[in-house]
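Working notes for the structure below.
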Amino acid sequence: MELENVREKALVKTDGRLPRLALGLLVSAAALAGAFWGVRPERFLQLLLQADYLYLLPAAVLILLGLAARARSWQTLLGEGVSLRRAFSALNEGYLLNNVLPFRLGEVGRAYMVSRRSRVSAAEALSSVLVERIIDVVVSLSGFIVAFFFVVSPGWAHQVAWAAGGTLVVALAGVLFLVSRRHQMRRLLEQLPRRWLRLGRLADAFVGGLGRQMSEPRRLARAAFWSTIAWGTAWLQLWFLLKAFGSTGTAIVSLFVLGVTAFGAALPSSPGAIGVYELSTVAGLMVFDYPREVALGVAVLSHGLQLGIMSLLGAVALARDGETVLGLAGEAQALLRGDGSVER
């Protein structure tokens, strides 16, 4: 009980996090205002009242299938020591953490939950999360670039495509550099002050896990396959949501819009990417001349459906595992600090 209180107190300490939280809230507020800018309230309300909400049923099923495919992609990287059920639960627990708390600790939180109930170490779980996220970005970016070549896009879309591609190349180069220079990095870590040695050992194990992940191309290919399936469900989901408002869409529309949304949601924001998700989706759909009210309706329904389903699944998984949101957040922070209590 005392340990739980310590964790909860740690969450309210600012130690430099308050400015980051304020920036995220400011960005979300500005983005939300931008998403609603120019929307005619009476037309938007009428659109919501006349929408065919039966299309939400297949959209919800697709979200569930997409989550299962993402869990399968991650579980492929984790190996046979982690079951698909465990990966699915941890994935949604991580999403719940991102949806209700700031600082996006969900990725670290899901790594902790997997390491807690399997033979996979925390460092190995973290490295698998990073590789899974890289694969996810590559698939999303590939879809966006394919769509870009079929769309007469405005100048900002061209710049976003090149910037995203450049960022991805730099990130991949950084990962490969770390892996190839592990022995040099280990020597540097050994020179750290005593209080940083735990974190140094965790970093060394993390890079070692990355090396193992990157050295198995067949496993990476299988993970990429399941990630593509996950994105396929998301692309199809957008088609159903457009149908709910009496509109139609194409594969190119879905590829482009979800690519823009994925990169927009990566911006600093409030928990759950409120605002930035809506603005990105609206901006992407308006490239194809959808009415602003329709674009906003699709964005709101899509985001609300995802947040609701992911949070519900995450809450059920946390309850089954005997964990709380604040408790998991505390463990994630401890893992980032390299505390021995979570380092295996």
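The values are calculated or read from the model by the stated rules, or taken from the named source; none is laboratory data. Remember, predicted model here, so these are calculated numbers, not experimental data. Because the Cβ atoms are built from the backbone with ideal geometry, glycine has one as well, and the counts that use them run over all protein chains shown.
Quick one: is Ser269 part of a loop (DSSP other than H, G, I, E, B), among the polar types (S, T, N, Q) and over 24 Å from Ala125 (Cβ atoms)? Taking the combined requirement at face value, the residue satisfies it. Scanning segment 101-149 for residues that are outside any helix (DSSP H, G or I), under 18 Å from Arg85 (Cα atoms) and among the basic types (Lys, Arg) gives Arg117, Arg119. When Arg133 is tested against (1) crowded, with 24+ Cβ neighbours inside 10 Å; (2) under 12 Å from the mean Cα position of the chain (by Cα), exactly one condition is not met: (1).
The set of residues from segment 22-48 being modelled with pLDDT under 85 and either touching a Ser or Thr at 6+ places or on another chain (Cβ under 8 Å) or buried (at least 16 other Cβ atoms within 10 Å of the Cβ) (or both) comprises just one member, Gly24. Filtering segment 74-83 for residues that are buried (at least 23 other Cβ atoms within 10 Å of the Cβ), in contact (Cβ under 8 Å) with a residue 24 or more places away in the chain and under 19 Å from Thr233 (Cβ atoms) leaves a non-empty set.
Among the residues of segment 302-314, is any over 18 Å from the mean Cα position of the chain (by Cα) and either modelled with pLDDT of 95 or more or closer than 30 Å to Ala123 by Cα (or both)? No, segment 302-314 has no match at all.
The number of residues in segment 246-296 being aliphatic (A, V, I, L, M) and in contact with an Asp or Glu (Cβ under 8 Å, 6 or more places away or on another chain) comes to 1.
With at positive phi and either part of a helix (DSSP H, G or I) or small (Gly, Ala, Ser) (or both) as the only criterion, which of Gly66, Gly24, Gly81, Gly38 stands out? Answer to the check: Gly38.
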